[in-house]
Protein chains: 2
Amino acid sequence: MKEHTVTIYDISEKAGVSIATVSRVLNNSSNVSDVTKAKVLNAIKATGYTPNAFARGLGLNTMKTIGILCADSSDLYLAKAIYFFEEQLRENGYDSLLCCTGYALKDKKAAVNLLISKKVDGMILAGSHFVYPDAGDNNYIFEASEKVPVMLLNAELEGSNIYCACTDDHKSIYKATSEMIASGIKDIVYFNNARSYSGSLKERGFKDAMKDAGLEVTERQLQFYDGSGEDIHEMASRLEKAAAAGLSFRGVIAADDALALSAVKYAKKKGYRIPEDFEVIGYNDSMLAVCSDPEITSIDNKLEELCQKLTTTLMGVLSGEEMPKKTILSGELVRRQTTRN
Amino acid sequence: MKEHTVTIYDISEKAGVSIATVSRVLNNSSNVSDVTKAKVLNAIKATGYTPNAFARGLGLNTMKTIGILCADSSDLYLAKAIYFFEEQLRENGYDSLLCCTGYALKDKKAAVNLLISKKVDGMILAGSHFVYPDAGDNNYIFEASEKVPVMLLNAELEGSNIYCACTDDHKSIYKATSEMIASGIKDIVYFNNARSYSGSLKERGFKDAMKDAGLEVTERQLQFYDGSGEDIHEMASRLEKAAAAGLSFRGVIAADDALALSAVKYAKKKGYRIPEDFEVIGYNDSMLAVCSDPEITSIDNKLEELCQKLTTTLMGVLSGEEMPKKTILSGELVRRQTTRN
DNA sequence: ATTCCGAATGTAAACGCTTTCACTGTCGGA
DNA sequence: TCCGACAGTGAAAGCGTTTACATTCGGAAT
């Protein structure tokens, strides 16, 4: 297991050529005769040689690796994003170095530095919580972007080497809220998970829709839940508490489908008929929306398309092309059983 | 953005010491006076220097990186596994190189080679589908284990540098099936997702339990679904088809919670009361189990503990300790609303 | 026949770090 | 006063590639 790892020298010796030639066939660059190439290839096969990526990286100063940062890979949504990125990057000959940072700024910074020292060729920040409302907190992103291109999923930030892709969350929620109001519901709660930057965008969408409909929104209509994204019961109990405290509501707009699902659980427990007495709209159009019964009307934020866009942009940037800084898609309301029409 | 990346030489110059000394403070190894250390640290801070991991890796022949292989990071279960691994590895000073391989053998092999050439210090194969029932197909694992320790999650394989952690799937399903039978249900379907090796273990557990109860199991009671792990409706329609073809059943033992959830949907659609007329038991005790209504009785296979075990074993192996080859935990049936007692 | 060119190959420097070894200077003990 | 031990530091040899540059050689053009 230790006994002298086989290097390019061993191959060169075995094949009776110089290491330069071996390197050439390895990278199948020009000017190697077929017979030499065959000799080298045989030697490689015989020894089971694998080139040392460090050495290669040292020479090339790139390892064809993209760093993917996400707060929590077990989050349903982020997990999917990672999947898309990983797949598309691999198709382009890049590997993915994954860092789950958690939600603390300090840890995000540390992860970014780590990726930079590992000489990633680019960085994807997967999730809107990487950019902060307080501009100063985003310095770590700007610093990173001085070294490598930075791709932002679901967030916007202006910078010379920063690219982003997102859907128009404000508009999506605005529309969803408006439609819920139009279907006759006035007492609506916006249920946020509080850790997402786009969450505040969404919240504004909600508020604006209410205001434009002439409805007042009080602070308590803005419920939020800041715990694990998995504990449905805990989420539901948040709503129960609010109801017990006197808040009355017959509709919930949720920042993600887990929250929406908890709202469904809440409503059923209360004995409301859905959607006749109570409507729910979720976000992300994830698997959870259809796991629920009744199945949840949800906003599709086009994750796959966003990831795709971000990857092709990144590839473009890396090959020196000029690329658009920002792509904004429109979300789409997918109607299911928790809304009337 | 290109202008001469700062190296250890720049620091040494700026601090007025040799590169050896800089290296020493970088690795805070012994014998550097406080005053020199301070000078170096200042120079580092001033320049924003980050050591080049390639060069370091070349010298050390390790980059403190563990390769994590998984078929599909968007799979709820695997995503959680990745999360646990990533977290625990980071705590031990290791980074994670993630490869989503898909389910094809060829791609798994490619991914393994890639990780080896990237000089990972160890490899985690997260998911039972990495080991095949046909022994020859597992050669790629043996080959990998000649270079680095290989950790297997949810699968067993004997080899000199191979370590595994899993729960006793056979026993868990055997018990679950037996209890369902005891509660009076005889017509049970085992619903498998066909791509998992542990799936066949579970299937055996089911068969054995049936046999030991004196019940015959026909081929059609072994339903399976081989599509995306997300499409609940598609899964349910598999059951509907079976029913339409004349199969009558009042219980489902499922290989994962998504399948179980689809069984719940099926039963509700059929008008069966759960659990009075129809019972369902899922696997993994995931979020989906509680998303369902009624909530699903499911087998907890102790994922976090398994991941933990695997990581600490790996750390042990890497530091040269002798470690147990195999750890087998017991699953636990978590009772909810889809089973009577 | 001579010149010149390009294809095929080799030589050696460079990449940025770690680490062994050697060297200097200080200090305590004999 | 001399010696040995030892802390602090530097010089230089790797580590395994890539690649610019040098070399060789056969054949086309003159």
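When residue B:255 is tested against (1) small (Gly, Ala, Ser); (2) crowded, with 23+ Cβ neighbours inside 10 Å; (3) over 23 Å from residue B:206 (Cβ atoms), only condition (3) is not met.
Evaluate the following for residue B:140: is it part of a helix (DSSP H, G or I) and either aliphatic (A, V, I, L, M) or not assigned by TED's automatic domain parsing to the domain that holds residue B:71 (or both)? Reasoning before the result, please.
Values: part of a helix (DSSP H, G or I): yes; either aliphatic (A, V, I, L, M) or not assigned by TED's automatic domain parsing to the domain that holds residue B:71 (or both): no.
The answer is no for residue B:140.
For segment A:230-273, give me each residue that is β-branched (Val, Ile, Thr) and within 11 Å of another protein chain (Cβ to nearest Cβ). Once the filter is applied, which keeps residues that are β-branched (Val, Ile, Thr) and within 11 Å of another protein chain (Cβ to nearest Cβ), segment A:230-273 yields A:232, A:264. Within segment A:123-132, the only residue that satisfies the criterion of being in contact with a Cys (Cβ under 6 Å, 6 or more places away or on another chain) and either within 12 Å of chain B (Cβ to nearest Cβ) or within 14 Å of residue A:149 (Cβ to Cβ) (or both) is A:126. Just give me the residues in segment A:104-141 being touching a residue at least 24 places away in the same chain (Cβ under 8 Å) and surrounded by fewer than 17 Cβ atoms within 10 Å (Cβ to Cβ), in sequence order. Those that are touching a residue at least 24 places away in the same chain (Cβ under 8 Å) and surrounded by fewer than 17 Cβ atoms within 10 Å (Cβ to Cβ): A:105, A:133, A:137.
If only one of B:93, B:102, B:127 is modelled with pLDDT of 90 or more and at positive phi, which one is it? Don't jump to the end; show me each part of the working.
Details: B:93 fails: modelled with pLDDT of 90 or more; B:102 fails: modelled with pLDDT of 90 or more.
Among B:93, B:102, B:127, only B:127 is modelled with pLDDT of 90 or more and at positive phi.
Results for (1) assigned to a loop (DSSP other than H, G, I, E, B); (2) over 21 Å from residue A:234 (Cα atoms); (3) among the hydrophobic types (A, V, I, L, M, F, W, C), shown as yes or no for each residue.
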| position | (1), (2), (3) |
| --- | --- |
| A:259 | no, no, yes |
| A:273 | yes, yes, no |
| A:282 | no, no, no |
| A:312 | no, yes, no |
| A:322 | yes, yes, no |
| A:328 | no, yes, yes |
| A:340 | yes, yes, no |
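Any idea which residue in segment A:2-21 is nearest to residue B:118 (Cα to Cα), counting only those that are over 44 Å from the mean Cα position of the chain (by Cα) and within 11 Å of DNA strand C (Cβ to nearest atom)? Ranking the qualifying residues of segment A:2-21, first place goes to A:12. State which residue is farthest from the other protein chains (Cβ to nearest Cβ) when the search covers only segment B:46-60 and only residues that are surrounded by fewer than 16 Cβ atoms within 10 Å (Cβ to Cβ) and closer than 30 Å to residue B:119 by Cα. Residue satisfying both the conditions and the ranking: B:47. When restricted to residues that are more than 20 Å from residue A:56 (Cα to Cα) and near DNA strand C (Cβ under 8 Å from one of its atoms), segment B:22-65 contains 7.
Working carefully through the options B:120, B:112, find the one that is within 30 Å of residue B:228 (Cα to Cα), under 19 Å from the mean Cα position of the chain (by Cα) and within 11 Å of chain A (Cβ to nearest Cβ). Break it down stepwise before answering.
On the way: B:120 fails: within 30 Å of residue B:228 (Cα to Cα).
Of the residues listed, the single one that is within 30 Å of residue B:228 (Cα to Cα), under 19 Å from the mean Cα position of the chain (by Cα) and within 11 Å of chain A (Cβ to nearest Cβ) is B:112.
Residue B:292 meets the stated requirement of being within 14 Å of chain A (Cβ to nearest Cβ), closer than 27 Å to residue A:257 by Cα and without any contact (Cβ under 8 Å) to a residue 60 or more places away in the chain. Just one of the listed residues (B:82, B:68) is modelled with pLDDT of 90 or more, at the interface with chain A (Cβ under 10 Å from one of its Cβ atoms) and touching a Phe, Trp or Tyr at 6+ places or on another chain (Cβ under 6 Å), and it is B:68.
Could you check how many residues of segment A:90-102 are farther than 24 Å from residue A:140 by Cα and either of a type in the set (Asp, Glu) or buried (at least 24 other Cβ atoms within 10 Å of the Cβ) (or both)? Residues in segment A:90-102 being farther than 24 Å from residue A:140 by Cα and either of a type in the set (Asp, Glu) or buried (at least 24 other Cβ atoms within 10 Å of the Cβ) (or both): 1 in total.
The values are calculated or read from the model by the stated rules, or taken from the named source; none is laboratory data. Predicted model only: the values in this text are computed from it and were never measured. Here Cβ is always computed from backbone atoms with ideal geometry, including for glycine, and neighbour counts include all displayed protein chains.
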